[in-house]
Amino acid sequence: MISLNPSQQKVVDTKEGPLLVIAGPGSGKTATLVERIVSLIKDNVPAEQIMVSTFTEKAAKELITRVSNRLLALGIAVNLNEMYIGTLHSIFLRFIEEYREYTTLKRSYRLLDQFDQNFFVFRNLNEYLEVDDPAGIIGTHFENRWTKANNLIKHISKVSEECLDVDVLCEAEEDEIRAIGEYYKIYQRQLLEENVLDFSAIQTETLKLLEENPKILHEIQSKIKYIMVDEYQDTNTIQERILLLLSSENNNICVVGDDDQGLYRFRGATIRNILEFPSNFPKGHCKQVALTTNY
């Protein structure tokens, strides 16, 4: 029998509607998430209706192991393979693979890791060098092509992560902003031509898939009834938009994070997401629980 403190038990028992959990280091948040998942399954919620996002794949595997062990101890036989669990990127990629024919991707598309992405831009750098860049976004004459490719990726990724309107960027008064918009257009066209996908593009493709195909959004919402997101302070703007879209039918979304630290600032993470999370719902609708006991 797992013993939870009153705040942890409240998180487990609050299953319906939006829930913000503020949990600092050592507060037992993982144990609480495990018990919340187990409690949903005990309530006969099918595993495939639960989506759990963790910051790393290692954390996801640990969570699956702990949930499996708890269910085994309770004598509950459930196939957890159907649960949507992993990093946001891996879950979004699963959506893309399930509905690839509705995206711009062709069969046998290739996923770029960080090195592949840098080499991809490096290999196609000449086209970017033709853009008028008085602000020196791409770098100085003294920087090598690899460094210039890396400089470009930082700006291109920022456009994706923050869901910026590329047409607005291209028409901006500032030379620097216009150049970034042009670079982004070139990059997106090159991805399409070579049928490749980077980590930022996983998110933009997912957002387009959901926004441009209401039937698919409804289908996914019908499958996923409960969403839990760990390390919410490290999510970025586009991730927030996708999560709010996915949960918009019933608002059964529980986010967990520490409002005092954005530990990784990974790919455009903004702590604003966790600070302003309750404002995404009618006043008083989002419940809030703080796990303050440090174990």
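The values are calculated or read from the model by the stated rules, or taken from the named source; none is laboratory data. All of these numbers come straight from a predicted model, not from anything done at the bench. Positions of Cβ are backbone-derived with ideal geometry, glycine not excepted, and every protein chain shown enters the neighbour counts. For accessibility, only protein heavy atoms count, side chains too; no ligands or nucleic acids. Shrake-Rupley method; radii C 1.70, N 1.55, O 1.52, S 1.80 Å.
Across the stretch 19-49, the number of residues qualifying as polar (S, T, N, Q) and either buried (at least 21 other Cβ atoms within 10 Å of the Cβ) or free of Cβ contacts under 8 Å to residues at least 24 places away in the same chain (or both) comes to 3.
Of the residues making up the stretch 1-53, those that are assigned to a loop (DSSP other than H, G, I, E, B), over 25 Å from the mean Cα position of the chain (by Cα) and not hydroxyl-bearing (Ser, Thr, Tyr) are Met1, Ile2, Leu4, Asn5, Asp43, Asn44. Listed conditions (1) β-branched (Val, Ile, Thr); (2) in contact with a strand residue (DSSP E or B) (Cβ under 9 Å, 6 or more places away or on another chain); (3) open to solvent by 40 Å² or more (accessible area, probe 1.4 Å) are all met by Val52, apart from (3).
No other residue among Leu4, Leu74 is open to solvent by 20 Å² or more (accessible area, probe 1.4 Å), among the hydrophobic types (A, V, I, L, M, F, W, C) and more than 27 Å from Phe277 (Cα to Cα) apart from Leu74. Since Tyr184 meets every condition but one in (1) more than 27 Å from Glu101 (Cα to Cα); (2) in a helix (DSSP H, G or I), which condition does it not meet? That leaves (1) as the condition not met. Residues that are open to solvent by less than 60 Å² (accessible area, probe 1.4 Å) and either at pLDDT 95 or above or closer than 24 Å to Val38 by Cα (or both) number at least 2 in the following helices (runs of 4 or more DSSP H) confined to the stretch 203-295: 214-223, 237-246. The single residue among Val131, Val121 that is hydrophobic (A, V, I, L, M, F, W, C), surrounded by 13 or more Cβ atoms within 10 Å (Cβ to Cβ) and in a loop (DSSP other than H, G, I, E, B) turns out to be Val131.
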